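First the structure, in the form of structure tokens, and then the observations on it.
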Amino acid sequence: MSTGPTPLDSQTLEQLRKLLGPGGYLDEPADLEPFLTDHRKLYHGVSPLVALPATTTQVAAVVELCAARSVGIVPHGGNTSYCGGATPRESGAEIVLSLRRMKHIREIDPLNNSVTVEAGCVLADLQRAAESVDRLFPMSLGSEGSCTIGGNLSTNAGGTAVLRYGMMRDLALGLEVVLPDGRVLDQLQALRKDNTGYDLKQLFIGAEGTLGIITAACLKLFPRPRGYATALIAIPSPQAAVDLLATLRGTLGDSVTTFELMPRSALQLVCRHIEGATDPFDEPYDWYVLAEASLPQPDSDLAERLQSVLAAGMEHGALLDVLIATSLAQREAFWKLRESIPESQTREGASLKHDISVPTQDLPAFIVEGARALEKIIPGGQLVAYGHLGDGNLHFNLGCPEGMDATTLLGRATEARRAIHELVAAHHGSFSAEHGIGRQKVAELERYEDPVALALMHQLKDLLDPAGIMNPGKVLARK
């Protein structure tokens, strides 16, 4: 069992400064501040130093020194975690290790459809680099302008294209990882087939920096789509959305890239708070779907095939209204409605957020049951249940009822969370579909994970990180 980090002393800090050199660290209070508060401002930690290594060799040296002194290390990417996964604790006994200087694309190979990139590279920069060689890196997130590849891998990020391309776990070919003792695991092979023993990279994807620090990755690229067909569809119910998804996939196959569910409440928030956002329909509807299909080659028939499927749905009463994008501007306007939901919720005020997944066929029942459960706890709250219906993942959020202050709402968060997570468990789902565990959901993992699986996680942590220095207090509860 790991003993956990020890307090930092001035000698260790001075050695770290010397090791990192000029420009390799931050230690002034004003410079430290952006690294000490999480994205949602749920946690505010303390740390005397932010390490800014420029190479894997420097990361390894920092880790080796910290391991020798049992100093905690908190890996830090773009600080977009929703669960406090990249924020130090309040003890001041941990350093933050930011990978923002390690942002280079080491190699891009369009013939092999692969790219080797350092962990501090911003997702949007990788997307642009892929596009420059006529390829696609398909991970797409609302935070793509600031989140980093290391963070994406460490949380096994999802996003809007999981339906077709999978999560980060599916996009990774190989990793370079600094282990908790300072050794470097180099498995950056750009291979699709490699059966030489255990697939070690999978240990670190989704581990949130608790087993090692991802410093670089070899990732899959794909042919860049040139043909798109995008539709915004008004539907009578979530069940109609599930039925439509099955129809689209049966008709259009793997060209279906995105299938996002949005309630009326989400559309109203976006139109209220986001400049330039407007309701494209002539009348209001309770539920909407943003669906998109894409192909690597221009295909004028793709939009016609999508329109044919949707027209049949309208004719049979399964759909209420359909808008198909006929220009890039219209496509971008549809996407703006979906991608602006998180920002509009933030502008609206306090809300309770749940990142859940259940089998897709269970989602309609879950939405009804979840809404009923939250209404009992917080009558009149505004439910905003939206997200990636194609892979069973919804952000099941609740805004303040009229007349209720934020403190009162947040005071009921534990009761609301328990009700929703118990319901998730009853549907054999996950209480953390794509946001990870971080600090916020440690107790939830202890409560809901299979006991054998949880025991194996603890054993792996003790084996790889016996001193407990890697991202302390995150993912696993430590004795």
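The values are calculated or read from the model by the stated rules, or taken from the named source; none is laboratory data. Quantities reported herein were computed from a predicted structural model and do not represent experimental measurements. Reconstructed Cβ throughout: ideal geometry from the backbone, glycine too, with neighbour counts over all protein chains shown. Just the protein is used for accessible areas: all its heavy atoms, side chains included, with ligands, DNA and RNA removed. Shrake-Rupley method; radii C 1.70, N 1.55, O 1.52, S 1.80 Å.
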Checked pairs for region 279-305, first within 15 Å of Thr326 (Cα to Cα), second open to solvent by less than 20 Å² (accessible area, probe 1.4 Å) and in a loop (DSSP other than H, G, I, E, B), C-beta under 8 Å and 6 or more apart or across chains, list as Ser294/Pro225
Checked pairs for region 456-474, first free of Cβ contacts under 8 Å to residues at least 24 places away in the same chain and farther than 17 Å from Ala67 by Cβ, second open to solvent by less than 50 Å² (accessible area, probe 1.4 Å) and among the β-branched types (Val, Ile, Thr), C-beta under 9 Å and 6 or more apart or across chains, list as Met457/Val475
For Arg89, indicate whether it is of a type in the set (Lys, Arg) and either surrounded by fewer than 18 Cβ atoms within 10 Å (Cβ to Cβ) or under 17 Å from Ala207 (Cβ atoms) (or both). no
Here the residues within region 33-46 that are out of contact with any Cys (no Cβ under 9 Å at 6 or more places or on another chain) and open to solvent by less than 10 Å² (accessible area, probe 1.4 Å) are Gly45
Within region 409-436, restricting to residues that are within 26 Å of Ala157 (Cβ to Cβ) and in contact with a Cys (Cβ under 9 Å, 6 or more places away or on another chain), the one that is most open to solvent (accessible area, probe 1.4 Å) is His435
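Let me confirm something: among Ile149, Ile235, which residue is touching a helix residue (DSSP H, G or I) at 6+ places or on another chain (Cβ under 9 Å), touching a residue at least 60 places away in the same chain (Cβ under 8 Å), farther than 30 Å from Gln330 by Cβ and buried (at least 22 other Cβ atoms within 10 Å of the Cβ)?
Numbers: Ile235 fails: farther than 30 Å from Gln330 by Cβ.
None of the other options fit; the residue is Ile149.
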Per the filter on region 227-248, residues farther than 15 Å from Ala385 by Cα, of a type outside the set (Gly, Ala, Ser) and assigned to a strand (DSSP E or B) are Tyr228, Thr230, Leu232, Ile233
Note on region 321-375: residues over 16 Å from Ala266 (Cβ atoms), in a loop (DSSP other than H, G, I, E, B) and of a type outside the set (S, T, N, Q) are Ala325, Ala350, Val358, Pro359
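Over 21 Å from Leu136 (Cα atoms), among the hydrophobic types (A, V, I, L, M, F, W, C) and either surrounded by 20 or more Cβ atoms within 10 Å (Cβ to Cβ) or in contact with a Leu (Cβ under 9 Å, 6 or more places away or on another chain) (or both): is that true of Leu319 in this structure? Let's see the steps before the verdict.
Values: over 21 Å from Leu136 (Cα atoms): yes; among the hydrophobic types (A, V, I, L, M, F, W, C): yes; either surrounded by 20 or more Cβ atoms within 10 Å (Cβ to Cβ) or in contact with a Leu (Cβ under 9 Å, 6 or more places away or on another chain) (or both): yes.
When the stated conditions are applied, Leu319 passes them.
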Flagged in region 111-123 as assigned to a loop (DSSP other than H, G, I, E, B) and either open to solvent by 50 Å² or more (accessible area, probe 1.4 Å) or of a type in the set (A, V, I, L, M, F, W, C) (or both), in numbering order, are Leu111, Asn112, Ala119, Cys121
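May I ask you to verify whether Gly403 is crowded, with 16+ Cβ neighbours inside 10 Å and small (Gly, Ala, Ser)? First the steps, then the outcome.
Numbers: crowded, with 16+ Cβ neighbours inside 10 Å: no; small (Gly, Ala, Ser): yes.
Spelling it out, it is not the case that Gly403 is crowded, with 16+ Cβ neighbours inside 10 Å and small (Gly, Ala, Ser).
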When (1) open to solvent by 40 Å² or more (accessible area, probe 1.4 Å); (2) farther than 21 Å from Leu36 by Cβ; (3) under 21 Å from the mean Cα position of the chain (by Cα); (4) modelled with pLDDT of 95 or more are applied to Leu126, the one that fails is (1)
Of Leu269, Leu203, the only residue that is within 30 Å of Lys474 (Cα to Cα), assigned to a helix (DSSP H, G or I), at pLDDT 95 or above and not polar (S, T, N, Q) is Leu203
When Pro472 is run through (1) assigned to a loop (DSSP other than H, G, I, E, B); (2) more than 15 Å from Gly206 (Cβ to Cβ); (3) touching a Leu at 6+ places or on another chain (Cβ under 8 Å), the failure sits at (3)
Output for Cβ contacts, cut-off 8 Å, separation at least six or different chains, first residue in contact (Cβ under 8 Å) with a residue 60 or more places away in the chain and open to solvent by 10 Å² or more (accessible area, probe 1.4 Å) in region 352-381, second hydroxyl-bearing (Ser, Thr, Tyr) and in a helix (DSSP H, G or I), reads none
Among the residues of region 392-416, the number that are touching a residue at least 60 places away in the same chain (Cβ under 8 Å) and part of a helix (DSSP H, G or I) is 3
